[in-house]
Each structure stands twice: as C-alpha cells, then as structure tokens.
Amino acid sequence: MSSKKRILIQLDTDRLPSVFDRVVAVDAGCEHVLAYGGVDPGSVRDLVYGAIFTRGGDDLRHTALFVGGSDVGRGEEVLDAVKRSFLGPLRVSVLLDSNGANTTAAAAVLVAARHQPLAGARAIVLGSTGPVGRRVARLLARAGASVAVGSRALERAREVAEKTRAAIPSADVRPVATSSASELEAALDGVQVVVAAGGPGACLLPLEARRKARALRVAVDLNAVPPAGIEGVKAQDAGADREGHAVYGAIGVGGLKMKIHKAAIARLFESAAQVLDAEEVFELGKAL
Amino acid sequence: MSSKKRILIQLDTDRLPSVFDRVVAVDAGCEHVLAYGGVDPGSVRDLVYGAIFTRGGDDLRHTALFVGGSDVGRGEEVLDAVKRSFLGPLRVSVLLDSNGANTTAAAAVLVAARHQPLAGARAIVLGSTGPVGRRVARLLARAGASVAVGSRALERAREVAEKTRAAIPSADVRPVATSSASELEAALDGVQVVVAAGGPGACLLPLEARRKARALRVAVDLNAVPPAGIEGVKAQDAGADREGHAVYGAIGVGGLKMKIHKAAIARLFESAAQVLDAEEVFELGKAL
Amino acid sequence: MSSKKRILIQLDTDRLPSVFDRVVAVDAGCEHVLAYGGVDPGSVRDLVYGAIFTRGGDDLRHTALFVGGSDVGRGEEVLDAVKRSFLGPLRVSVLLDSNGANTTAAAAVLVAARHQPLAGARAIVLGSTGPVGRRVARLLARAGASVAVGSRALERAREVAEKTRAAIPSADVRPVATSSASELEAALDGVQVVVAAGGPGACLLPLEARRKARALRVAVDLNAVPPAGIEGVKAQDAGADREGHAVYGAIGVGGLKMKIHKAAIARLFESAAQVLDAEEVFELGKAL
C-alpha cells in the first residue's frame, strides 16, 4: 500500500479558483488541493509536467487534475492542452467540470431517466446552444433518445445538431426553432422529456405551452435564478408533480449533481489514465 | 459526529494573502486553508456561494470565512459584501481581522483592564483616527469608560467621536486635539488609561507629558517600530512598571493578541451564523 | 513533542507556483504548503514576517521557506531578501532550488563521483555560464577537482571562473573557449569528468570529440530535450557504458536529484536557522 497523499491539481480559468470545486474536492477525500487561478492553455504544460514527473509507477494515480472555471469553452481548451502535455504512459487522470457543466448535464439526464426510459423516447433540449445544453443533447442521444435541439435561432440549433452527430454518428438529432409560441408547440408535440438549459433571465417554456404537450412526462429546468426557465417549476423541485409532469429545478437536481461530482473526483484516483468528460461522468452517475 | 474537515476560506485584499493569517489558521486547527489574494468586493459573491452551497445543514459550520489584508477599510467593504451574499440560513461564520485590527484592539483594551477597571474610568486614545484606534475607542466606550479620542487635527477627532456615538448611543466620548504639548497635557489630566494607536514614525506621548499625567495607571503603545509611540515604553514591555505606570508595548500585547486570534478562528467553527467583528472578538478575548 | 504542523512556504518567482515543488514538498512530509506565485524581492518581507512572528521558540522549526521558480537569478534575489528580513534569532530555515538548480547540480556532481574520485581529478563544465553550470563548477572545485569552465565565448567563461574563485579562494579553475572543434579537443585533453549544463537545442560535445578524450571516465548531460548535450548519451542513461565512458542523462540523474530534493525539504524542519544553497544541498546529498 502506498502512503502517498491524494493530490488534486485544480486548473481554473478564472482569476480566483472556485471555492465550490475546492470544497467538493476536500469532501471527496483529496488531502491536498493545489488550486491555480488564471490558467490558460499556454500555462498548462509546466503544471502538467509537475504532476507527471514527481511520482512514479503506480503512485502516479495519487495525483490528478481538475479543469474548472466559469468559461466552459476555455476549460475545453485547457483540457486539450492537458492531454497534449502527457508523455505516453506519463499521465494522470483528469476531470473537466467547468461551470459544473458535465456533472449538471449528467444529473439532468439521470433524473429524467427516472420517469421515462430514454431509449426510443422523444426529448427536447431548450437553450441547447450553451455548454450544458450541448452536453445534455449528447447524453440523451447516446442513451438512444430522439433529440430535438432547440434555439431561438434555427441556424444555431443546426450547428448543435451537426456537432452532436459528429460526436455520435448514430445520433437521432434534429434542430428546431423555438422563437414563437407556435414553433414551440410544434416542437413539443409528442415529446416525453424536456430539459431547459438556457441562461438566467429567460422563460423558455411557458405554462400554456407545457399544458399543450400531452406526451410530456418529465421536465427539468437547470436555471436557478428567477424567472424559471420552465414556468411553474420551482428551483427546489425534485420530482414533484406539477401539471401532471414530474418536474425538477436546478436545486432539485443539485443533490445528485453533487454526488456525481464527488464520485468523479474519487474515481480519478483509482487509476492514472482516465479522462472524465461528459460521457464518462454520465456513466459514473448511472452507476451510483 | 461529522467527519467534515475544517475549511477556512481566507479572503485577503492584498495581492499575496497573509502568511501570518494562514499559519495562525493552521495552528488554530483548520485542516484546509483556502487562501485568496487580490479579493475585492466584486469577487466576493462567487466565493461565498462556493462556501454555502457545498455543505448542508449542520455541516455548514465546518466551513468559515476570514477577511484579512493590510487595508482595514477595504476589508470592511469585503465583509459587507460577504454579508450581502448570504442567502437567509445559507450562511457561514466570518471573522474580520484586516491588519490584525480587531484582535489588536481587543488585546490592548484587555491588558489595560488588568490594571484599571474600565467602567467609569477616564481613558484617552492617541492616534484614534486609524482603524485600530477607532476600535479601541469603541471597545473602551462600550466597557463604560469616558473616552477622549485624540488626533493632531481636532476635526478628524470629531469625526471619530461621532462615529463612535453612532455605533454606541450610550458612549461617553469626546474629541481632543493633541498637536501641542499644552493640549496634550490638558487632554491627559485625570486620565487613568492611555492607548497609543498611531502609525510608525511618530512619538504621540513624550515622557515629560506622561510624567505630568498624575492619574495615569496604564499605558499601552501599539506601535512596534521605533521610535516608540509612548516614550519610555519598549515593544517587549508587558506590564512593566515604568515611571510608575504599568506599560505595554506592541510585542508585549502580542501574546494575548495571538491567543485571541486563535480563539476567534476556533469559535468560527462552533456554529454557522456568526459575524466576528471588534465587539465579538473583544467578548471572546474577555472569556479567555 | 510539539503538535505543530509542518508548514512550507513556497516563494515562487513565476506567476503560477511550481506544481513540481509542491508535490515534492507534500511527499517530503510537509502538512501544509503555502504556495505563492509572482513573488519578487519587494514582497518578501511581509511574507517572512508572517513566518517568524507566528510560532515561538522551538516551534519555529516547524515553519520553513522554499524559494523556487524558473529564473534562478531572480530566486537568488528573493533568497537575499529573505535573509535580510530575518530578525536575529527570529528566523526560519530556507532552501533555494529555483529551476531545480541546486538539487540538479548536486546530483550531477555526486553521480560523477561514483566513477572518479573528484579530489585531484580534472573536470570540465560545458555550458558553464548558466545557473546550473556555475553551481556544478563550484561544487567540483570545492571537492578538489581542477575545473575548466567552458563557454563558446571565452569572456563569459572568464567571468564564471572569477566568480568561482571569489566564492572559493582555493579553487583551481580556469576558463576555456569551446566554440571550435580544436578548442574543444584541447580543453578535453586529460579530463576525466565532463558535465554538460547548457540549455536545450545545442550539442556541446560531439561524439568525435568525446572519442578523442582518452582520459575521460564519466560524462553527465543535464539537458533532457533532444538533441543531447553530449552526443550519444540518452536522457535515461544512469551509468551506462557508452564508448567506454560511464554516462548519465538528465532523467538518469533525476532519481538522485529527487532524493536530494526530498531530503533537503525534510532537513529544513530539523532546526530553524539553516540556509540551504548549492553547497549545503551537496553535502546533504553526499550523506544519503
């Protein structure tokens, strides 16, 4: 048995590294969290070298990396730089969870699956063009759902659909415009699962449109700041029946999200060659 | 019993967070100190959210905040931003000790009280316009002393007196000018307690003036850098008799200050809703 | 027995403090590593005061300082500022290892000594003008070798020789130019030990020149990035026989370097008044 301490190196793209991620890391059993703020792709190599050149052999798995910060696109660039810095077997495990995007998307899809088997289901992602929405779409498609990716601008939804198909060739995904009430109504027709992943300040699914969606079984709203992204859903909702739908709000999803986050951190230290992005985090959440 | 680690989040307004405060936090039993430098009021909310959204219920008390840095005014702004970021019961305990002002002021008043009961006593604070001086004046007034707040500029002393009365309506406090030897002599007449809280480089109380203060019992000089703020007091003095007065220098007060600092950190983790500013730190020091 | 935690304060001149140094510190038994990036001489005093004013008496030895970062010259300035900030017996132990220069130089000289007694030996340092080369020259000279310090520019080699003699009056050291094949051949004549300490990108000792050096016993190449600084030496070499010489590459030296680094960190906590620079680190490595 090695006596090496568990070290998590937190690479955060914000100036001040996230307190949230540091506390979760401690609670997940990390004995030392080496927190870095203001990390950009150019500063990654030296930091990764410090991780891979200090401990040898099996001890390497006691060091791991976490990529975070509020900007998911920037986090993805840092993750790419991390992967490019590994030298063959000289590598450590890494989790990407900028803005909580991966753990949130995984939790959203998992709570939906409690009420509706996803294989063969019809689902729609509202506000699908942001980093969380894109991940939710990918996870739903991979689980075998037929997925509509919605945006007020059809062009942007098309781009999300294309990217999803590029990642998952078998994906059944189509873009839908959701700017008018009639477009939204048409998009929701026959849909069992809706996930709203838009930013704060906009209601993406009014109550009236939700009532007309007769096939709807479960509605997940990931926006925590009023007004609700799905009208009638409260942030604390965690499976409550509202208008005949099982509904979840951001805080209601938060409990599972936190469990997944901690499990993902713990998983990092099981072996040294893992890259935990959306799909891996989802699989890990499924096994909880 | 919870197995949660004690986490202190150090919000420091200086670029490099204080080593002093970090070491004291470790010695006071904090298992993880999350040190942030360059903290301004605008960056506080996200940091506080990370503190209050990661641990639930009774576990919240194992996370606490410390506001520090060399600029006390800036620290007070950060403390205000911290308090505004709490969401009802979602809050953690917080200690303000920028520049050691609260623990120093508490220690200064407590060592004075060893030699002179403060209720009904007459006291003067020299260099009262700085952050430590203001706190000493408040603590003396609250303890029931009749307090003269001194400054070379009467106008500035008036402002301190007004602020003290605004904080403590029952305060018996009056401004005094101390720029000339005769003013100083008049101000010290009948006074039992003097605390010098001015910055380095100035002697606020010459030996001659001190000898003329016939009622004087105890003199506390908080300036550690020569020349002494109270002539004839050495930094190491801790109750020594000099010219018939019990005197304390900055280092002599330091032992108690350190005890209070550690006790205040430990206190943070007893419950989750405390705000420890000058008065709370003083009460805590009194109980040691 | 004191229950004080071992605290290492890492003063790093780079913006992001070295992950390498933090992980080694943890593995060497430090319970808290207080990592500071962007440290310059002007910011040192307050940091050192925080180290020396927080723990008293024998407990002071549980706090120590580490000066690191990629710029060795800057690290030396920080070390000087650290020493100037100590107040008599109020001091803690400090290790300088910017860019790994001290531990690398010590390891290089120690592996050479495995194959050739250094007292009375003839040695040459190629690329001697950098911080590692200067240290290697000093350590070889102090061990009693006759040392040639090489540079493509004789003028720069002269400066290194003068500095070495200034540090060690008894040093037998002479500058040599190594820009042409014939100069190099002459410089290597009769030499038993060669250490190449140049930067990446340049081969300082071609195979042909090495073959002609008939007295050569051991060759140490500290450059890890291809091309090799000494042709025919691989980074992993650790005493391999190549062309009749025992050879070491940067990674081959790395194992001993790491042991020395950890031992130096552990040594810091044995007493409070140590300054570990090249010579002290070398002595410590010799005792391993």
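Just how large is the dipole of the protein assembly as shown about the Cα centre, in debye to the nearest 20, putting +1 at every Lys and Arg Cβ and -1 at every Asp and Glu Cβ?
So the magnitude is around 1020 debye.
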Taking a ≥ b ≥ c as the square roots of the Cα gyration tensor eigenvalues, with a/c under 1.5 meaning rounded and otherwise prolate when a/b beats b/c, else oblate, which class fits the range A:7-96? oblate
For B:Lys212, which inter-copy label distances result when the label point lies 7 Å beyond Cα on the Cα-to-Cβ vector, reported in nm to one decimal and in ascending order? 9.1, 9.1
Partner chain coverage, peptide A:22-32 - average Cβ within 10 angstrom: 6
Given the alpha-carbon gyration tensor of the range C:104-253, what are the semi-axes of its equivalent ellipsoid in whole angstrom, ordered largest first, with each equal to the square root of 5 times an eigenvalue? 20, 16, 14
To the nearest 20 debye, what charge dipole does the range C:7-96 have about its Cα centre, counting +1 at the Cβ of each Lys and Arg and -1 at the Cβ of each Asp and Glu? 240
Of the beta bridges DSSP finds with both residues in the protein assembly as shown, what % are antiparallel, to the nearest 5? 10
Using a 7 Å Cα-to-Cβ projection, C:Glu183 label spacings across copies, nm, ascending: 7.3, 7.3
Mean-square fluctuation check for chain C, GNM, Cα pairs under 10 Å: which of C:Ser128, C:Ser182, C:Ser271 is largest? C:Ser182
With 10 angstrom as the radius, rank B:Ser43, C:Ser170, A:Ser70 by how many other C-beta atoms surround their C-beta, starting from the fewest. C:Ser170, A:Ser70, B:Ser43
Starting from the Cα of B:Lys4, draw a straight line to each of the aspartates and glutamates and keep only those under 17 Å, dropping any in the same chain fewer than 8 residues away. A:Asp21, A:Asp27, A:Glu31, B:Glu31, B:Asp58, B:Asp59, B:Glu270
Please report, in cubic angstrom per residue, the volume enclosed by the convex hull of the alpha-carbon atoms of the range C:60-109. 85
Highest-fluctuation residue, C:Ala153, C:Ala51, C:Ala113 considered, GNM on chain C with Cα pairs under 10 Å: C:Ala153
Calculated over chain C: convex hull of Cα atoms, volume per residue (Å³): 123
Dipole of the range B:104-253 (Lys/Arg Cβ +1, Asp/Glu Cβ -1, origin at the Cα centre): which of B:Gly120, B:Val193, B:Gly232 lies farthest to the positive side? B:Gly120
Sorted by Cβ density within 10 Å, fewest first, the residues A:Phe20, B:Phe86: B:Phe86, A:Phe20
B:Leu90: net charge of surrounding residues, Cβ under 14 Å, Lys/Arg +1, Asp/Glu -1, itself excluded? +4
Quick one: of A:Lys234/B:Lys262; C:Lys5/C:Lys259; B:Lys163/B:Lys286, which pairs are farther than 31 Å apart, Cα to Cα? A:Lys234/B:Lys262
Please work out the C-alpha center-to-center distance from the range B:158-213 to the range A:162-226 and express it in whole Å. 70
Taking Cα centroids, how far is the range A:53-114 from the range A:1-47 in Å? 11
To check you understand DSSP bridge types, tell me what percent of the beta bridges within the range B:7-96 (both residues inside) are antiparallel, rounded to 5. 5
For chain C, modelled as a Gaussian network with Cα springs under 10 Å, which listed residue fluctuates most, C:Arg74, C:Arg210, C:Arg84? C:Arg84
Based on other C-beta atoms within 10 Å, arrange B:Arg211, C:Arg114 from fewest to most. C:Arg114, B:Arg211
The computed P(r) of the protein assembly as shown puts the percent of Cα pairs beyond 50 Å at 35
Put the label 7 Å from Cα along Cα→Cβ for A:Leu87; what are its distances to the other copies, in nanometres, shortest first? 4.6, 4.6
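No value in this document is a laboratory result; all are computed from the given coordinates. Since we're looking at a predicted model, the values are computed, not measured. Here Cβ is always computed from backbone atoms with ideal geometry, including for glycine, and neighbour counts include all displayed protein chains.
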